[in-house]
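K.L.:
One structure is given below, represented as structure tokens, and several questions about it will come after.
The values are calculated or read from the model by the stated rules, or taken from the named source; none is laboratory data. Quantities reported herein were computed from a predicted structural model and do not represent experimental measurements. Don't worry about glycine lacking a Cβ; one is built from the backbone with ideal geometry, like all the others, and counts go over all protein chains shown. Accessible surface areas use protein heavy atoms only, side chains included; no ligands, DNA or RNA. Shrake-Rupley method; radii C 1.70, N 1.55, O 1.52, S 1.80 Å.
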Amino acid sequence: MPTLTLTQDGSILTISDLPHTDSIRFHAIWLRDNAWDDTTRAPGNGQRLIALRDIPTDTHISHAELVHDIVRLTFTPENKTLDYSIGWLIDNAYDRSATPTKGWTAPQVETWDSGLMDAVPLADFNDVQTNPAALRDWLALVARYGFGKLVNGPTDTGSLFKVVDLFGYVRDTNYGRHFEVRTEVNPTNLAFTGLGLQAHTDNPYRDPVPSVQVLYCLESSAAGGENMVVDGFRAAERLREENEEYFDVLSQHCARFEYAGDDTTCLRSRRPMIELAPDGEMIGIRFNNRSAAAITDVPFDKMATYYAAYRRLGEIIDDPAMEVTFRLNPGESFVVDNTRVLHARKGYSGAGTRWLQGCYADKDGLYSKLASLSATHQEAAE
């Protein structure tokens, strides 16, 4: 049975004797700010009805009691009593003693290498269109592994928009609402040739970068052209395990990227190749040799190390032990997290045809759809 303890001034609540941890502490001001009563949060959408300025600076807890699985607290000077679920407090606890490793990944993320070849996240297009549970399960795999494949889709031009409709909205760019991927004469981008491409993230020269890419196959009779994906997070983990200095220099200094495809387009960005949140969480990879500009944000005395690290990261990305390869046949597509997973394709011959269409979307829609489907499933289970 959990026990509640208050500091003498009521500024901190400690919950002890919990199933999987000794104790967790919460500040009174944090608890008051995160209340879920109808005067603090709008019942319909959960948005806050008050600002922090509306909560007294000397807020403290004058009384605490446990009622079944509810923690009931009285806040002074408001003299306001509020209830908190023990489960919610455990899920949102911030009292952690261990400092996370630099480059840690979220619990729902699973990094991978070529061992995933026999377990590519896969779903049937018609199934995810008509079955919310199937869509939820497939989106959960995309969120976990950073990519997912769909099979048995239509082969009409524009079918890729039906994939985006499953979870979000198309993001327009200078390439238009979508782009064609097939051999062209005098192409504006190497992606539109039969050359093989090194694994890369798309459009690193944009801010913000498109966080989801969809590639959809309409025709495929040319030899070769297999698609390949590499987990950029796993590549960064390998780099850190081999040489932490290399990991640090690529995460602490910005690379530069640029693209000028025509007279009206001049895109530039400066971001680290390995992007970390302030607490060290790995949140993004930008790697694209074709779009790399001159690197000018690294101090002179670290530039040699930076280039050694850049080279080694590329070698890891190119290692066949890192890649998952599959062929897209007509009516098949894949969705890739463009902030994490690098994609590539093998070279293909000029004989036959190979026609893919691509477009961009964003992860906020994908994660929103996944969360809403998961919440609906949980409510139904209860």
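K.L.:
What residue, among those in segment 161-190 that are out of contact with any strand residue (DSSP E or B) (no Cβ under 8 Å at 6 or more places or on another chain), modelled with pLDDT of 95 or more and not in a loop (DSSP other than H, G, I, E, B), is most open to solvent (accessible area, probe 1.4 Å)?
P.N.:
Checking each candidate, the answer is Asp165.
K.L.:
Any residue that is surrounded by 19 or more Cβ atoms within 10 Å (Cβ to Cβ), under 23 Å from the mean Cα position of the chain (by Cα) and closer than 30 Å to Phe161 by Cβ - is there at least one of those in segment 302-312?
P.N.:
no
K.L.:
Just the residues that are modelled with pLDDT of 95 or more, closer than 30 Å to Tyr175 by Cβ and aliphatic (A, V, I, L, M), please, taken from segment 233-264.
P.N.:
Ala235, Ala236, Leu250, Ala255 - these are the residues of segment 233-264 that are modelled with pLDDT of 95 or more, closer than 30 Å to Tyr175 by Cβ and aliphatic (A, V, I, L, M).
K.L.:
Please work out which residue is nearest to the chain's Cα centre (by Cα), limiting yourself to segment 364-375 and to residues that are open to solvent by less than 50 Å² (accessible area, probe 1.4 Å) and of a type outside the set (A, V, I, L, M).
P.N.:
Gly365
K.L.:
Taking segment 49-66, which residues are touching a residue at least 12 places away in the same chain (Cβ under 8 Å) and either of a type in the set (D, E, K, R) or open to solvent by less than 80 Å² (accessible area, probe 1.4 Å) (or both)?
P.N.:
Once the filter is applied, which keeps residues that are touching a residue at least 12 places away in the same chain (Cβ under 8 Å) and either of a type in the set (D, E, K, R) or open to solvent by less than 80 Å² (accessible area, probe 1.4 Å) (or both), segment 49-66 yields Ile55, Pro56, Asp58, Thr59, His60, Ile61, Ser62, Ala64, Glu65, Leu66.
K.L.:
So which of Leu356, Leu328 ends up being touching a residue at least 60 places away in the same chain (Cβ under 8 Å), part of a loop (DSSP other than H, G, I, E, B), surrounded by 13 or more Cβ atoms within 10 Å (Cβ to Cβ) and aliphatic (A, V, I, L, M)?
P.N.:
Within the list Leu356, Leu328, the selection yields Leu328.
K.L.:
Could I ask something else about it? In segment 280-301, how many residues are crowded, with 16+ Cβ neighbours inside 10 Å, charged (D, E, K, R) and in contact with a His (Cβ under 6 Å, 6 or more places away or on another chain)?
P.N.:
Within segment 280-301, residues that are crowded, with 16+ Cβ neighbours inside 10 Å, charged (D, E, K, R) and in contact with a His (Cβ under 6 Å, 6 or more places away or on another chain) number 0.
K.L.:
Looking only at segment 107-122, how many residues end up being surrounded by 12 or more Cβ atoms within 10 Å (Cβ to Cβ) and either in contact (Cβ under 8 Å) with a residue 60 or more places away in the chain or assigned to a loop (DSSP other than H, G, I, E, B) (or both)?
P.N.:
The number of residues fulfilling the criteria is 10.
K.L.:
Let me ask you something else. Can you pull out the residues in segment 331-353 that are buried (at least 19 other Cβ atoms within 10 Å of the Cβ) and touching a helix residue (DSSP H, G or I) at 6+ places or on another chain (Cβ under 8 Å)?
P.N.:
Ser333, Val335, Asp337, Thr339, Arg340, Val341, Leu342
K.L.:
If you don't mind, there's one more thing I want to ask. Please go through segment 17-45 and pick out each residue that is open to solvent by 50 Å² or more (accessible area, probe 1.4 Å) and in a helix (DSSP H, G or I).
P.N.:
Ile29, Trp30
K.L.:
Can you name the residue in segment 135-146 that is in contact with a strand residue (DSSP E or B) (Cβ under 6 Å, 6 or more places away or on another chain) and open to solvent by less than 30 Å² (accessible area, probe 1.4 Å) and, of all such residues, is nearest to Val229 (Cα to Cα)?
P.N.:
It comes out as Gly146.
K.L.:
Would you check which residues across segment 81-94 are open to solvent by 50 Å² or more (accessible area, probe 1.4 Å) and either within 21 Å of Gln8 (Cβ to Cβ) or outside any strand (DSSP E or B) (or both) and list them?
P.N.:
If the condition is that a residue be open to solvent by 50 Å² or more (accessible area, probe 1.4 Å) and either within 21 Å of Gln8 (Cβ to Cβ) or outside any strand (DSSP E or B) (or both), then Thr81, Trp88, Ile90, Asp91, Asn92, Tyr94 are the ones that fit.
K.L.:
A follow-up question, please. With respect to the numbered conditions (1) open to solvent by 20 Å² or more (accessible area, probe 1.4 Å); (2) within 30 Å of Gly153 (Cα to Cα), which one is the sole condition not fulfilled by Met322?
P.N.:
Met322 satisfies every listed condition except (1).
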